[in-house]
Amino acid sequence: MIFLTGTDTDVGKTFITKGLVFASREYGIDVVSYKPIESGGVIVDGQRVSSDIDNVMGLSNLPGSHKDYNTFCLSNPLSPHLAFEKDGLSFNKSMVFEDYMRLRDKHDEVIVEGAGGIIVPIVRNQYYVYDLIKDLGLDVILVTRTKLGTINHTLLSIEFLKYKGIEIKAVIFNGYTGSEMEDDNIKTIVEAGDIRRHYVIDKIESEDEKLIKAEFLKKFSRDDVDYLLG
């Protein structure tokens, strides 16, 4: 079981989640993803559902329905605390725990995907994504970018996770294009952040499922998956 978070929104958390779910299932592991909170769902068959779960289900053919893997699907693409307020809803931690435990009991492994970054509020001035990580008792995979600016964002995220006593299993660098600057960014973060394991995912320009599947099977062996999820 693992919590997948990122240094920022749109950093590629769902892309990495769906790739890891696909690779794990290809290796014969019954892995599913769980999105406790989706801010800004999409309409599918007349119902609002999690776009992130829809994305994962599309690549990995997860059984069941969207609602099996998502607790709160909010209307607006905003920080969770504001999205809850706009919808007139309240976050209920017990509901998240019930859904998570149901998935954990039914499947070999669960990848919990966060919303936004680590210090994004879920309840204004009260409860944050890092609180949920700690309450679930999970280690994290931190997803980050490779481009200019990533050193500051990533090292700050690493230091905050360490400060909160949250274990980092790995850092995944997403969107790599092979430049010298990116290579140095990665080297600097791994050394300064004292990161014991990291992975680099190439930038894929299209949504070609064959390219995505090939990239994740190339970058993540069975041993890698066992390490990350175990």
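Quick notes on this structure:
- Signed unit charges on C-beta, dipole axis of the chain, positive-most listed residue Thr71, Ala214, Gly178: Thr71
- Among Asp105, Asp131, Asp202, residue whose mean-square fluctuation peaks in a GNM of the chain (springs only between Cα atoms under 10 Å): Asp105
- Spatial separation of Cα centroids for the stretch 12-75 and the stretch 161-230, in angstrom: 20 Å
- Global form of the stretch 1-86, assessed from the alpha-carbon gyration tensor, a/c cut-off 1.5: oblate
- Karplus-derived 3J(HN,Hα), 6.51/-1.76/1.60, for each residue of the stretch 81-98, Hz, glycine and proline x: 4, 6, 4, 4, 4, 4, 8, x, 10, 10, 6, 10, 5, 4, 5, 5, 5, 5
- Bins of 5 Å from zero: percent of alpha-carbon pairs in the chain: 1, 7, 15, 19, 21, 18, 12, 6, 2, 0
- Most fluctuating residue given options Asn55, Asn125, Asn76, as computed from a GNM of the chain linking Cα atoms under 10 Å: Asn125
- Rounded to the nearest 20, the Cβ-based charge dipole of the chain about its Cα centre (Lys and Arg +1, Asp and Glu -1) stands at 340 debye.
- Close Lys pairs in the stretch 120-230, defined as Cα atoms under 23 Å apart and 8 or more places apart or on different chains, number 22.
- Point-charge dipole on Cβ atoms (K/R +1, D/E -1) for the stretch 1-115, about Cα centre, debye to 20: 100 debye
Any read-out appearing in this document is the output of simple, stated calculations on the displayed coordinates, not a laboratory observation. No experiment lies behind these values; they were computed from the predicted model shown. Quick reminder, even Gly has a Cβ in these numbers, built from the backbone with ideal geometry, and neighbours come from all protein chains shown.
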